[in-house]
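J.: The structure follows.
What follows is calculated from the coordinates using simple rules that are stated; it is not laboratory data. Quick caveat: nothing in here was measured; it's all calculated off a predicted structure. No Cβ is skipped: glycine too gets one built from the backbone with ideal geometry, and neighbour counts run over all protein chains shown.
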Ligand code: BG6
């Protein structure tokens with residue numbers, strides 16, 4: 001069943017490219033329109049949507065946070081992302097024009113299910129982004145966008161995460177088409193860029209695995225690891241931190257890189273491992289420079305730096321002790337590649353520490369109690 005891999009997690013990380021590719025399949029109809037064939041919400045209802053609230057837990061919530069940057073940019077409506085268990089019990093403001101997007105790999109997470117029921121009771125439409133066919137969450141939703149990552153067995157989610165981002169991006173492009181907030185050729189170009197991502201993920205798996213492994217070997221004894229990112233790199237940092245704590249039981253935190261000077265830098269001491277997600281240099285220059293200055297700050301305090309950075313990034317090369325390289329891609333799509341070395345890193349760390357990477361202690365694949 002593991003198809004020759006040492007663990008399901010190994011196998012599933014190596015299925016990241018296929019998960020993205022399959023989730024993109026058949027989303028375009030003969031007229032070149034994005035077509036959400038499994039979605040049964042009327043187009044005029046989509047047109048009227050003035051707010052999106054993503055509800056999810058764990059990794060799925062980080063996928064929602066990534067998607068928020070793209071959807072707000074493309075569709076120009078506010079997107080909130082909230083942990084389902086917090087959302088449910090705070091009397092959230094929902095109207096028939098709010099689209100609630102429930103993201104869940106298993107489709108059985110009780111916290112997410114209860115939140116979606118609450119949203120529907122308040123008259124909002126719910127669209128599920130789900131991996132498991134026919135699970136409770138898609139069954140109880142008004143519409144479903146399936147991720148086609150295939151069954152995910154390892155408790156720590158990997159390929160489902162990249163598939164969730166992909167599906168949420170397809171939804172964003174669809175909304176941009178319906179609402180007319182993007183030109184057709186822009187939508188097409190973005191879709192083409194998305195289609196190019198599986199090959200870029202594959203490039204990471206083919207070329208960066210050794211570097212990641214060496215980094216893990218150097219850091220297996222670390223007592224804590226900090227993850228920092230900005231813009232779409234921020235949820236990626238949190239997901240990287242989550243993976244490592246889930247399966248290697250290393251104490252980790254993910255922070256917004258801009259927060260560094262407002263608190264987390266106090267944690268940085270000689271030898272403290274800090275992982276930075278460095279944004280691409282072109283286009284969003286400002287962000288790149290700001291993240292690099294964060295790197296310099298922690299470097300000056302003796303931190304051990306791992307950077308996830310674009311090929312050819314000289315600042316990353318100069319300041320980081322280890323660089324996980326990413327191939328060039330649009331900033332908004334970079335999470336699809338950036339998370340991959342972090343998934344491998346967590347897995348390697350857990351293996352080096354002798355843990356069962358597929359079945360971490362205290363965790364279940366799907367939590368069916370509130
Ligand atoms: C947790 C799992 O319990 O639930 C995580 O261990 C997962 O891996 C989270 O991200 C949410 O699960 P789901 O199935 O709703 O995506």
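J.: Which condition number does residue 312 fail, the rest of (1) away from the ligand (no atom under 16 Å from the Cβ); (2) farther than 30 Å from residue 169 by Cα being met?
T.: Every listed condition holds for residue 312 apart from (2).
J.: Just to verify a result, which residue in the stretch 129-157, among those that are in contact with a helix residue (DSSP H, G or I) (Cβ under 6 Å, 6 or more places away or on another chain) and part of a helix (DSSP H, G or I), is surrounded by the most Cβ atoms within 10 Å (Cβ to Cβ)?
T.: 137
J.: Give the residues of the stretch 354-364 that are away from the ligand (no atom under 12 Å from the Cβ) and surrounded by 15 or more Cβ atoms within 10 Å (Cβ to Cβ), sorted by residue number.
T.: Hits for the stretch 354-364 are 355, 357.
J.: Do the conditions hold for residue 367, that is, is it within 16 Å of the ligand (Cβ to nearest atom), within 27 Å of residue 110 (Cα to Cα) and assigned to a loop (DSSP other than H, G, I, E, B)?
T.: Yes: the conditions hold for residue 367.
J.: Of the residues 86, 108, 42, only one is within 16 Å of the ligand (Cβ to nearest atom), without any contact (Cβ under 8 Å) to a residue 60 or more places away in the chain and more than 30 Å from residue 212 (Cβ to Cβ); which?
T.: That would be 86, the only listed residue that is within 16 Å of the ligand (Cβ to nearest atom), without any contact (Cβ under 8 Å) to a residue 60 or more places away in the chain and more than 30 Å from residue 212 (Cβ to Cβ).
J.: Can I ask one more? So for the stretch 319-328 (the condition being touching a strand residue (DSSP E or B) at 6+ places or on another chain (Cβ under 7 Å), away from the ligand (no atom under 16 Å from the Cβ) and assigned to a helix (DSSP H, G or I)), does at least one residue qualify? Even if it seems obvious, please write down each step before you answer.
T.: So the first thing to find is which residues in the stretch 319-328 are touching a strand residue (DSSP E or B) at 6+ places or on another chain (Cβ under 7 Å), and the list is 319-326, 328.
Of the ones still in play, those that are also away from the ligand (no atom under 16 Å from the Cβ) are 319-326, 328.
Keeping just the survivors that are assigned to a helix (DSSP H, G or I) gives 319.
Yes, there is a match, as at least one residue in the stretch 319-328 is touching a strand residue (DSSP E or B) at 6+ places or on another chain (Cβ under 7 Å), away from the ligand (no atom under 16 Å from the Cβ) and assigned to a helix (DSSP H, G or I).
J.: Still on this structure, I have one more. Residue 95 fails exactly one of the following numbered conditions: (1) surrounded by fewer than 19 Cβ atoms within 10 Å (Cβ to Cβ); (2) touching a residue at least 12 places away in the same chain (Cβ under 8 Å); (3) assigned to a helix (DSSP H, G or I); (4) away from the ligand (no atom under 14 Å from the Cβ). What is the number of that condition?
T.: (3)
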